[in-house]
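Read through the structure below, which is laid out as structure tokens, and then see the notes.
Just so it is clear, none of the values below were taken in a lab; they were calculated from the coordinates. It should be emphasised that the depicted structure is a prediction, and the values quoted were computed from it without experimental measurement. A quick note on method: Cβ atoms are made from the backbone with ideal geometry, for glycine too, and the neighbour counts reach across all protein chains shown.
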């Protein structure tokens, strides 16, 4: 189940369907320093916001909700593609302070490294979080319309299978807040990205009961989450983060 903790100065959501050693967090747009139209916790460095404020937002967010520091974060240059990067300790800090330092042209990250938070940014596109509790592996994918068409969810799972021996039937999945079929249309047709990604994952061997969805539409809830479509195209980005806790 997905829940948002509003009691904190920086509210954030989590999925309790993952074992406790797998940290996950979804930001809202509340609790930051950015001005309109990026108000207030914009975590995207690539949207035209003041970069110093974005870095302050990132630092406040990550340090308010976890033991991690800003310089632990690993984040990519998202291009609506299907490239999956295997992240190691050598990647620590990539893209955390400089967009130009992000892992290039990548829309999914996977790792078995401990205490290494993976972060992707969103404003309507679908964040998909992967957890393999048997082999202690995690992943995160950016599944907008193009990424969904390119089957990035299926490909992320496949790369985890090849490199971490992940068994899809043992994998746990979470679909975070993003635009729902209630609000997303192309060429006059309603498109349900949640359903499309669920079907990809199930056909790849993931058990339907292992897929947890927030069922939160970012356009319907644009006061709480950034929405590209609700804003007319100029807005901030929420972040989804996943990590394997080392336990020390």
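Scanning the range 63-85 for residues that are in contact with a helix residue (DSSP H, G or I) (Cβ under 6 Å, 6 or more places away or on another chain) and in contact (Cβ under 8 Å) with a residue 60 or more places away in the chain, we see that the one that is farthest from residue 124 (Cα to Cα) is 68.
The set of residues in the range 217-248 that are in contact with a strand residue (DSSP E or B) (Cβ under 7 Å, 6 or more places away or on another chain) and surrounded by 19 or more Cβ atoms within 10 Å (Cβ to Cβ) comprises 218, 225, 226, 237, 238, 239, 240, 241, 242, 243, 244.
Apart from one condition, residue 106 fits all of (1) assigned to a loop (DSSP other than H, G, I, E, B); (2) under 25 Å from residue 2 (Cβ atoms); the exception is (2).
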